[in-house]
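Quick notes on the structure that follows.
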Amino acid sequence: MRCERGAISLFLALVFVAFLLIAGMVIDSATVRSERRAAADVARQAARAAVQEIDVAFFRLTGLVRLKTDAARAAAEAVTPDAYTVEVSTSSDRAEVKVSRDVPAQILGLRGDLRTVTATHEARAVKGVTRG
């Protein structure tokens with residue numbers, strides 16, 4: 001008859017490793033989801049800041065809203081935390097801001113895995129009070 005001592009210990013070790021892998025995937029995916037929400041908030045704030053930079057002289061002459069491109073870019077970068085890279089594009093009365101950030105894996109990051117989280121938001125400058 002064979003000796004089966006330690007078979008349960010081996011089984012428990014394998015189950016423990018599987019549990020750690022599953023827990024790591026759950027925690028790391030929750031971290032990435034949280035960072036995506038944070039990036040979306042940052043992009044939204046930066047786009048709103050960018051559309052505040054209206055060319056007032058042009059507006060007074062024509063009655064049309066136009067953004068100052070350099071000032072809009074600077075305003076968006078000013079409200080964005082240093083951990084993010086920022087890309088700002090403007091066209092007449094609109095600003096689109098794209099932010100991205102590398103997020104390290106919390107549990108399964110033993111190899112130094114980084115995931116890039118990106119969010120984009122567009123805002124439009126309007127004159128007066130509008131509905132809708």
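The values are calculated or read from the model by the stated rules, or taken from the named source; none is laboratory data. Here the structure is a predicted model, which means the values were calculated and not measured. Positions of Cβ are generated from backbone atoms using ideal geometry, with glycine treated the same way; all protein chains shown enter the neighbour counts.
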* Would you point out the residue of the stretch 46-64, among those that are touching a helix residue (DSSP H, G or I) at 6+ places or on another chain (Cβ under 8 Å) and surrounded by fewer than 18 Cβ atoms within 10 Å (Cβ to Cβ), that is nearest to Arg124 (Cα to Cα)? => Gln52
* To do: May I ask you to list the residues in the stretch 41-65 that are without any contact (Cβ under 8 Å) to a residue 60 or more places away in the chain and touching a strand residue (DSSP E or B) at 6+ places or on another chain (Cβ under 7 Å)?
  => Glu53, Asp55
* Condition test on Thr90, is it hydroxyl-bearing (Ser, Thr, Tyr), at pLDDT below 95 and under 14 Å from the mean Cα position of the chain (by Cα)? -> no
* Out of curiosity, is Leu20 modelled with pLDDT under 90, surrounded by 11 or more Cβ atoms within 10 Å (Cβ to Cβ) and not in a helix (DSSP H, G or I)? -> no
* Scan the stretch 35-73 residue by residue and report those that are among the charged types (D, E, K, R) and assigned to a loop (DSSP other than H, G, I, E, B). => Glu53, Asp55, Arg66, Lys68
* Structure fact -> When Lys98 is run through (1) part of a strand (DSSP E or B); (2) of a type outside the set (A, V, I, L, M, F, W, C); (3) at pLDDT below 95, the failure sits at (3)
* Asked: In the list Val79, Val26, Val32, which residue meets the criterion of being under 27 Å from Val103 (Cβ atoms), out of contact with any strand residue (DSSP E or B) (no Cβ under 6 Å at 6 or more places or on another chain) and touching a residue at least 24 places away in the same chain (Cβ under 8 Å)?
  -> Val79
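Here is a yes/no grid of residues against (1) of a type outside the set (Asp, Glu); (2) under 22 Å from Ala38 (Cβ atoms); (3) out of contact with any Ser or Thr (no Cβ under 7 Å at 6 or more places or on another chain):
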site: Asp55; (1), (2), (3): no, no, yes
site: Leu61; (1), (2), (3): yes, no, yes
site: Glu77; (1), (2), (3): no, yes, yes
site: Ser100; (1), (2), (3): yes, yes, no
site: Leu114; (1), (2), (3): yes, yes, yes
